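The block underneath contains the structure these notes are about, expressed in structure tokens.
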Amino acid sequence: MGTGSYSLTAKAYDNLGAVTTSNASIITVNPPNLAPSVSLTSPVSGTSYTAPATITLDATAADSDGTIAKVEFYNGASLLSTDTTAPYSYAWSGVGAG
């Protein structure tokens, strides 16, 4: 069975053929939480800057079964900034050559 609402009951039978049904228990099965989507829209891959640079990072994010709580911007594994409101952006300043 898939997602949705279900009405569950149990029946008990005795050895003489009598039967009784429990009260219904209504349950809901929710779909799995789907991952949000995110796209870095700026800077465009391959863009060059002169050090010391200020680089604006822009992203768009969406969640088909919820809302976006935050977008994090990284340089490799190092967290640069977190933005909790759209439009998601960060101005990375003082960027050295590399």
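Heavy-atom accessible area of Thr3 with all protein chains present, probe 1.4 Å, nearest 10 Å²?
80
Of Leu34, Leu80, Leu16, which has the most accessible area and how do the rest follow, probe 1.4 Å? Don't jump to the answer; show the numbers that get you there.
Working: Leu34 90, Leu80 45, Leu16 155 Å².
If we order Leu34, Leu80, Leu16 from most to least accessible, we get Leu16, Leu34, Leu80.
In 5 Å bins starting at 0, how do the alpha-carbon pair distances of the stretch 1-58 split up by percent?
Values per bin, smallest distances first: 4, 11, 11, 9, 7, 6, 6, 6, 5, 5, 5, 5, 4, 4, 4, 3, 2, 1, 0.
In a GNM of the chain with a 10 Å cut-off on Cα contacts, which of Gly46, Gly66, Gly17 has the highest mean-square fluctuation?
The residue with the greatest mean-square fluctuation here is Gly17.
List the extent of the Cα atoms of the chain along each of their three principal axes, largest first, rounded to whole Å.
Principal extents (largest minus smallest coordinate, Cα): 90, 23, 21 Å.
The values are calculated or read from the model by the stated rules, or taken from the named source; none is laboratory data. What you see is a predicted model; the values in this text were computed from it and never measured. Each accessible area value is taken on the protein alone, full model and side chains, heavy atoms only, with ligands, DNA and RNA left out. Shrake-Rupley method; radii C 1.70, N 1.55, O 1.52, S 1.80 Å.
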